[in-house]
1. Against the definition (assigned to a helix (DSSP H, G or I), modelled with pLDDT of 80 or more and exposed (fewer than 11 other Cβ atoms within 10 Å of the Cβ)), how does Gly177 come out, yes or no?
2. Scanning the stretch 93-105 for residues that are of a type outside the set (Lys, Arg) and loosely packed, with under 13 Cβ neighbours inside 10 Å, which turns out nearest to Ala61 (Cα to Cα)?
3. Does the stretch 154-174 contain at least one residue that is assigned to a helix (DSSP H, G or I) and at pLDDT below 80?
4. Looking at the stretch 82-98, is at least one residue among the charged types (D, E, K, R), within 14 Å of Asp22 (Cβ to Cβ), assigned to a helix (DSSP H, G or I) and in the same structural domain as Ala26 (by TED's automatic domain parsing)?
5. Could you tell me which residue of the stretch 180-198 is surrounded by the most Cβ atoms within 10 Å (Cβ to Cβ), considering only residues that are part of a helix (DSSP H, G or I) and without any contact (Cβ under 8 Å) to a residue 12 or more places away in the chain?
6. So which residues in the stretch 67-81 are among the acidic types (Asp, Glu) and in a helix (DSSP H, G or I)?
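The values are calculated or read from the model by the stated rules, or taken from the named source; none is laboratory data. Keep in mind the model is a prediction, meaning the values are calculated, not measured. In this analysis, Cβ positions are derived from the backbone assuming ideal geometry, glycine residues included, and neighbour counts consider all displayed protein chains.
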Amino acid sequence: MLERVADGGGDLTASAPGPTVDELLARVGSGDREAFGVLYDATSARVLGLVRRLVVDPAQAEEVTQDVYLEIWQTAPRYDAARGSAVAWMFTLAHRRAVDRIRSAQSARDRDLRIGARDLDVPVDTVAEAAETRLEHERVQVALGALSDLQRECVALAYYGGLSQSEIADRLHVPLGTVKTRLRDGMIRLRTALGVRT
């Protein structure tokens, strides 16, 4: 019987009477637990083989195969023999489940890599970083020294004091246009002194 069942319905031997996979699946569709057991015994090795070729990991392949048979039990009433053989239908379910597992595993790996990259502590050379900050600070001080006193005062109030142009004009008792001109000219000179291109 198993040879005939495993073949998907072909009669391989005259002495091997028994239900075909199609017949077993029809009985499973009507809730026959015994037919499901026979169907499982007759086809599970082939389904597992298909899943194993796709999933590779043996433990996951076994899980997927169990999921496939659960789906077969639940959806057997919807199987339509006119659309193909029972074995082809079962293999389609197995293939879909295996591909879903592969995609799920890949998504999990990608997510873990993103999280790992985000949480990765990148070694920082604090001595080099401190030296670079000090050199940059010295360059800014030299560049500020190249400004006129009025320009330097406006730039310092704006960038170190956090004042708006109107607030600077009020504090220095000068027109707003004067503050704008001093800031603009001061920033142009700073960019030139620091080698910043606009």
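1. Numbers: assigned to a helix (DSSP H, G or I): yes; modelled with pLDDT of 80 or more: yes; exposed (fewer than 11 other Cβ atoms within 10 Å of the Cβ): yes.
Taking the combined requirement at face value, the residue satisfies it.
2. Applying the first criterion (of a type outside the set (Lys, Arg)) to the stretch 93-105 yields 93-95, 98-100, 102, 104-105.
With loosely packed, with under 13 Cβ neighbours inside 10 Å added as a condition, the list becomes 100, 104.
Working: Asp100: 12, Ser104: 13 Å.
Here the residue is Asp100.
3. Step one: of the stretch 154-174, the residues assigned to a helix (DSSP H, G or I) are 154-160, 165-172.
From what is left, the residues that are at pLDDT below 80 are 159-160.
For the stretch 154-174, residues assigned to a helix (DSSP H, G or I) and at pLDDT below 80: present.
4. The initial filter retains those residues of the stretch 82-98 that are among the charged types (D, E, K, R), namely 83, 96-97.
With the extra rule that they be within 14 Å of Asp22 (Cβ to Cβ), the set shrinks to 83.
From the residues that got through so far, the ones that are assigned to a helix (DSSP H, G or I) too are 83.
Checking which are in the same structural domain as Ala26 (by TED's automatic domain parsing) leaves us with 83.
Taking every residue of the stretch 82-98 in turn, at least one turns out to be among the charged types (D, E, K, R), within 14 Å of Asp22 (Cβ to Cβ), assigned to a helix (DSSP H, G or I) and in the same structural domain as Ala26 (by TED's automatic domain parsing).
5. Ranking the candidates gives Thr181 first.
6. From the stretch 67-81, those among the acidic types (Asp, Glu) are 67, 71, 80; that's our starting set.
Scanning the stretch 67-81 gives Asp67, Glu71.
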